[in-house]
1. Give me the extension gain from residue 351 to residue 692: residue separation times 0.36 nm, minus the current Cα-Cα distance, reported in nm with one decimal.
2. Per residue of the range 158-175, in order, report the coupling 6.51 cos²θ - 1.76 cosθ + 1.60 (Karplus, θ = phi - 60°) as ³J(HN,Hα) in whole Hz, putting x for Gly and Pro.
3. Separation of the range 417-436 and the range 463-511 by C-alpha centroid, Å?
4. For the range 636-657, list residues with backbone N below 16 Å from a point placed 7 Å from the Cα of residue 603 toward its Cβ?
5. Search the structure for amide H atoms under 5 Å from the amide H of residue 668, placed 1.01 Å from N in the peptide plane, and list their residues when 5 or more places away or on another chain.
6. What's the center-to-center distance, using Cα atoms, between the range 103-173 and the range 668-710 in Å?
7. Taking the mean number of other Cβ atoms within 10 Å as a proxy for protection, how do you rank 709-715, 247-253, 193-199 from highest to lowest?
8. With label points built 7 Å along Cα→Cβ from the Cα atoms of residue 301 and residue 497, find their separation and express it in nm.
Amino acid sequence: MSGTTMNPGVTSMRAWPSASGAKANPARLTRNAMSRAKNIESAPTSAPVRARWSSPSFTGSAPASCMGRYAAVSLDPLTAEDLAAFAFVNEAVISPAGDRVAYAVRRMDVPANRYRAAIVVRAVDGSGEAARWTDGASEDATPRWSPDGTRIAFVSDRGAAPEGKKRAPKNVFIVDAPGAQPRQLASFADDCGDLAWLPDGSGVIVTLKDAAPPQPEDAPMVYDRLRYKSDDAGMLDMRRKHLWLVPLRGEPHKLTDGDWDDTQPAVSPDGAWVAFTSNRSADRDRNTLSDIWIVPFRGGAPARVTTEQGQYGNASWSPDGGWITCLGTVDAVGAGARNTRVWRFGRAGGAGTDLLGDWDRTTGSRVIGDIRGEAVPLPPVWTRDGRILFIGSDQGSANLYSVDQQGGDVRAETLGAHQLVSATVDREVRCFAGVLATATSPGEVVTGQPGDGIRAITSLNREVLSARYIAEPERMEFTGPDGWAIEGWLLKPRDFDPAKRWPLVLEIHGGPHGAYGYSFFHEFQVLAGRGYAVLYTNPRGSHGYGDTFVRACVGDWGGKDYEDLMAGVDDALGLGWVDRERLYVTGGSYGGFMTNWIVGHTDRFRAAVTQRSISNNISAFGTSDIGWHFWGHEMGDATPWRDAHKLVERSPMTYVTNVKTPLLILHAEKDFRCPIEQAEQFFVALKVLGKEAVFVRFQDDTHELTRGGKPKNRIDHARRIADWFDAHP
């Protein structure tokens, strides 16, 4: 192991390819400051750098614990049960004038086994007290300022649950001041989402499923479409989702219709057009295309803007309404294994322009954690000085970037070894607000100006973080197959003493095109508190290292990606204090696949935990909600009837007779991404073969159990992982 760490005096922004168009070398990770980063020299540095991993320009009211600074005295370990003490925040919305920030603070109600959330507003500079605009008795979410900044629209499940339902549908509400009684704008029978104001403030646009036809509750479910289930929605009732206008006065009415889904509305600056995302291709049931469409607000036929070849979404408008920008890939097949780009199209359609040129990184906040759900995407934002803002991911970090409106000249607008989870901008695009996470803080609300420093205006988790041992990551860089440099991080255990030998847990992320990095993991910190070193790496296939790197595992699951992981363990053993007789492994989704693969290919691990895993590629092709397109691409264009040997050769089930490692299998009953039958197959095979295995099935949760599942399940899940390793010393 090289043991190299970043010089805290150097910006943590990573290098991208030069303007000549040369691609990044996957075998070398760059650590130099960026010559093209905007205003680096002028970033505020008055606050001390509190940890080697914090941004030099991060200042403000966040507690030292949020920045990874802890007392040398031994603190109590973080426990599975401590998850209930955290506040979760996923997005922060700045007011049009740029003077206030609204955000939803979500907390667990463990006795009720649910979440509650309140809308909170604070001054953009963090001064004064935060004001609750809703009471938090229900789950209030998705705050959106009205164009004049006088009120906030949001969605909530407040109200009585219909008969036979666990909660009320999520409807649109509006609130005018702290403590005021919110007014319900609509009474839809289903959840609505994708909230967007009209520019004149007369109403909001939402997405909503078509009304359900009356039928008996015990009627059989009949399907004639390929897409008949999804992990987020369960078994589909085949109703389509469309755009609806919800006026402040008057009755809601539908803006789009048809046998397709319409989502992500974006209204043009003059209010004349609505852009949205939809797949209206003739063969839409059997492809993964998504296009940007526009429809006249006052009525008329929709028109397609993008090319009906790629996967595009998150549209936004130029200030004059003549251009549309969006995020996407030019080819929909295998889009997850490609860098997502910023695109510009004329309102009338035609060929688009990839604005990022030779910038060999991906847009979006791709770093994962287990405290919150998926990051809220920032559509491209046009500035007043000829640039477009977006969030991008690079080598374990996510920051704000900008690109020239004509293309090229990508600049870093924020800097730091952290994850900018989400961001919004004010009307003049002078200030932004967002949520920022680090490896030692699950997320705080931050504000700043593009090209300047970032200031934390909340310290939501000060109490729990300051009272518990929170391990700081030490960056690793080691060599995998073909001489490629692989990045990873190591958490040292509580009460660490280098003279002793310590057990180590290898954690493996999902995707496979996810990415670890500078974001908080409750699971990791619980293990560190129990006395385990925790190693987490980004093997080939991870995002944030360029197109060549992210595609490198396609058709090779269990090949060189497996070798990358084993090389990381070998490097950690080279430190001298890791006990080679007490190695453990766990991971979820693709990480669960890899855990199953590992125990069938090596006996070096004393115990393993496989989470929401895959064991049989043949059956996953037909039982996963994405299996028919995802497995075919990821396994090298293989199907059960064409090149089936590829699916068999890369299935952990094929090697189950080799397993000697005690295995704990954790899976959610309603996981439709990696269906529970995958866990059932592996468990039954192991028990028939007389292997040590325990199977835990979590009721009423999906693939998102560890990020947004039922509170009791999340706590139990984290506890069982640590307990299993403790039981195999």
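Each reported figure results from applying straightforward, stated rules to the coordinates on display, with no laboratory input. Bear in mind the structure is a predicted one, so any value in this text is a computation, not a measurement. Virtual Cβ from ideal backbone geometry, glycine too; neighbours counted across all protein chains shown.
1. Numbers: separation 341, 0.36 × 341 = 122.76 nm, distance 5.77 nm.
Here the segment from residue 351 to residue 692 would lengthen by 117.0 nm.
2. With the stated coefficients, the range 158-175 comes to 5, x, 6, 6, x, 4, x, 10, 7, 7, 6, x, 7, 10, 8, 10, 9, 10 Hz.
3. Between the Cα centres of the range 417-436 and the range 463-511 lies a distance of 29 Å.
4. 656-657
5. Hits under the 5 Å cutoff: 612, 698.
6. So the two Cα centres are separated by 33 Å.
7. Output ranking for 709-715, 247-253, 193-199: 709-715, 193-199, 247-253.
8. Inter-label distance under the simple model: 7.9 nm.
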